[in-house]
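Below: the structure, in structure tokens.
The values are calculated or read from the model by the stated rules, or taken from the named source; none is laboratory data. What you see is a predicted model; the values in this text were computed from it and never measured. No Cβ is skipped: glycine too gets one built from the backbone with ideal geometry, and neighbour counts run over all protein chains shown. Protein only, heavy atoms only, side chains kept; ligands, DNA and RNA dropped before computing areas. Shrake-Rupley method; radii C 1.70, N 1.55, O 1.52, S 1.80 Å.
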Amino acid sequence: MKQESVTVGGPCWVEHGSADPIAAERFYGEIFGWQAEPDERPEAGGYTFMKLDGKVAAAITPLYGEGQPTAWTVSFAVDDADATAARITEAGGSLIVAPTEALDLGRFVIAADPSGAVFALWQPRALLGAEVLNEPGALGWVELVTRDPDGSRAFYPAVFGWSVNPSERYTQWGLSGEDFGGMLTMDDRFPPQVPPHWLPYFAVADADVATFRAGNLGGDVLMPPVSMANDRRIAVLRDPMGAAFGIYAAGPEG
């Protein structure tokens, strides 16, 4: 992901919904160097911004609804949440939370694609999205993990206008000639109870060190660090609260 700022149609924000947000703040603070800054307004409902060197990188929140799992939610920037929500339903997706105001921060939607993978829309106002991307401790890639790759290749370009760069083993999503994410087809390695989902990847200085640190802090290693074709090392982890996330070793270009 080479975007250095929020781009309409691209990933702009991630938030972690947890039954134990204080534990989540401690864990990710140790892994990524984040500092917690709660929104003290009562109507914010415990929403906490996580900052990296003073810049907003993500958020950690309590669970707001019955049945909501502890998980990361990836948000995509839009200039009109209502119009994009309409395209989601027209393309066969569903709305979990219809377009809703988030105080003075923006307008959001929680949706699911036809296979059930949950994601969010963010129409910014006071909060544009993440103030830092592609640096150690910040969001750097998003990956759709799905059992319906063909349907996904049709759905997301119809909603967001993404380009599709397929290969034999992996499909990449892009905007304006820059890839920002990918798609992994679920196979027998994934237990049937694991639903399709969006997985955020965060940049780190050293994937092996970050994986070791996560294990010492009570996290699980779902995929140990491996080197990709470009020699970049990636890993997939699960925090002590149960949310999965990826990491990758940032190179000189982010």
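Quick notes
- Surface composition of segment 1-135: carbon and sulfur atoms hold 51% of the protein heavy-atom accessible area at a 1.4 Å probe.
- Spin-label pair ALA205/THR185, simplified geometry with 7 Å Cα→Cβ offset, distance in nm: 4.0 nm
- J(HN,Hα) series, segment 119-133, from Karplus relation 6.51 cos²θ - 1.76 cosθ + 1.60, nearest Hz, glycine and proline x: 8, 10, 10, 9, 9, x, 10, 5, 9, 6, x, 5, 8, 9, 9
- Where both bridge residues fall in the chain, DSSP classifies roughly 75% of the beta bridges as antiparallel.
- The LEU95 and ASN165 beta-carbon pair, evaluated with R₀ = 25 Å, returns a calculated FRET efficiency of approximately 0.30.
- Of PHE212, LEU184, PHE202, farthest towards positive along the dipole that unit charges on Lys, Arg, Asp, Glu beta carbons give segment 166-215: PHE212
- Atom-type composition of the exposed protein surface of segment 170-245 places 55 percent of the accessible area on carbon and sulfur (1.4 angstrom probe).
- For the pair LEU63 and LEU222 in one chain, pulling the backbone fully straight at 0.36 nm per residue adds 54.9 nm over the alpha carbon distance.
- About its Cα centre, segment 120-254 has a charge dipole of approximately 240 debye under the convention of +1 per Lys or Arg Cβ and -1 per Asp or Glu Cβ, with nothing else charged.
- Heavy-atom accessible surface of the chain, averaged per residue, reaches 46 Å², computed with a 1.4 Å probe.
- In the chain, helical runs assigned H by DSSP with n ≥ 4 each contribute -39500 (n - 2.57); averaged across all residues and rounded to the nearest 500, the mean residue ellipticity at 222 nm is -5000 deg cm²/dmol.
- Overall shape: prolate for segment 1-119, with the ratio a/c of the largest to smallest alpha carbon gyration tensor axis at 1.5 or above and a/b above b/c.
- Taking packing as the residue-averaged number of other Cβ atoms within 10 angstrom, the listed peptides 238-246, 131-139 run from highest to lowest as 131-139, 238-246.
- Rounded to the nearest 20 debye, dipole of the chain from Cβ charges on Lys, Arg, Asp, Glu: 300 debye
- Were the residues from ALA23 through ALA154 laid out at 0.36 nm apart, the gain over their Cα-Cα distance would be 43.3 nm.
- Gap separating the Cα centres of segment 200-254 and segment 118-134, nearest whole Å: 23 Å
- Across all directions, the average projected area of the convex hull around the alpha carbons of segment 113-254 is 9.7 nm².
- Whole-number Å³ per residue for the convex hull built on Cα positions in segment 5-49: 113 Å³
- Compactness index (Cα Rg / 2.2 N^0.38 Å), segment 100-140: 1.42
- About the Cα centre, charge dipole magnitude for segment 13-87 (Lys/Arg +1, Asp/Glu -1 at Cβ), debye: 180 debye
- Amide H to amide H distances under 5 Å link LEU184 with LEU144, VAL145, THR146, where only residues 5 or more positions off or on other chains count and H is placed in the peptide plane.
- Under the Karplus curve 6.51 cos²θ - 1.76 cosθ + 1.60, θ = phi - 60°, whole-Hz ³J(HN,Hα) for segment 218-223, x wherever Gly or Pro sits: x, x, 10, 9, 7, 9
- Packing-based ranking of 38-51, 184-197, 7-20, 74-87 yields 7-20, 74-87, 38-51, 184-197, ordered from highest to lowest mean Cβ neighbour count within 10 Å.
- Here the alpha carbons of the chain define both size measures, Rg and Dmax, at 17.0, 50 Å.
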